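J.: Handing you a structure now.
The values are calculated or read from the model by the stated rules, or taken from the named source; none is laboratory data. It should be emphasised that the depicted structure is a prediction, and the values quoted were computed from it without experimental measurement. So basically every Cβ, Gly included, is an ideal-geometry build from the backbone, and we count neighbours across all protein chains shown.
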Amino acid sequence: MSNYIIKPEDITKFLITINVTGDWLSSRDPQYPINSASKLENRYNRNGDVAYYIASGEMTMKAEVPKWKERDLYHVAPTTIHAFDTPSWSSENGCYEDYLKSKEEGGHGLCQKITDQLTGVYGLSGILYNSQPMHAAGQTGFCLVVLPPSGQLVDGTFFVKDLSHVAEPSKSARPL
């Protein structure tokens, strides 16, 4: 398990900036406010943790969300997300295939250990990872888990239906 330890220098080395321009998507349950978050255990969060999962495109979102037809599709408003690049880190540390395992194969446990090490790291607002269902299908798709500090919810403007009313983030905009 020692190759699953994220060293302080890894955080700096594998920190990437993702400029979201409306291309990232989220499937939201229409029964709840759009900024609500399920606190049920998932790939990168444990029971009780607030986490928002977003996908790099429609194909990836559909692969990740089994009941996507019952949900509303939202774009992530333009913003900057500072994320830990799990695909690159895991490749360099010899555990790339391990973290892409299904829940039944133990993949969620490894991903949660990664989150445990990264939650609360100053300047880090998300974790980039490969979509496990897309990988299993021989395709590529990326997801981000956004981990708001102190379990707070994102504001009501993070997810938007129509991008035509949303301005691009300014250089002085506060990144997530």
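J.: Across the range 5-55, what is the total count of residues that are of a type in the set (Lys, Arg) and either in contact with a Pro (Cβ under 8 Å, 6 or more places away or on another chain) or surrounded by 17 or more Cβ atoms within 10 Å (Cβ to Cβ) (or both)?
T.: So the count comes out to 2.
J.: Residue 14 passes all but one of (1) farther than 25 Å from residue 160 by Cα; (2) of a type in the set (Phe, Trp, Tyr); (3) at pLDDT below 95; which number fails?
T.: (3)
J.: Taking the range 106-131, which residues are small (Gly, Ala, Ser), assigned to a loop (DSSP other than H, G, I, E, B) and under 23 Å from residue 19 (Cβ atoms)?
T.: Once the filter is applied, which keeps residues that are small (Gly, Ala, Ser), assigned to a loop (DSSP other than H, G, I, E, B) and under 23 Å from residue 19 (Cβ atoms), the range 106-131 yields 123, 125, 131.
J.: A further question on this structure: With respect to the numbered conditions (1) closer than 18 Å to residue 5 by Cβ; (2) touching a Phe, Trp or Tyr at 6+ places or on another chain (Cβ under 6 Å); (3) surrounded by 16 or more Cβ atoms within 10 Å (Cβ to Cβ); (4) touching a residue at least 40 places away in the same chain (Cβ under 8 Å), which one is the sole condition not fulfilled by residue 74?
T.: (1)
J.: Further question: What number of residues within the range 56-69 satisfy the criterion of being without any contact (Cβ under 8 Å) to a residue 40 or more places away in the chain, assigned to a helix (DSSP H, G or I) and surrounded by fewer than 19 Cβ atoms within 10 Å (Cβ to Cβ)?
T.: Of the residues in that region, 3 qualify.
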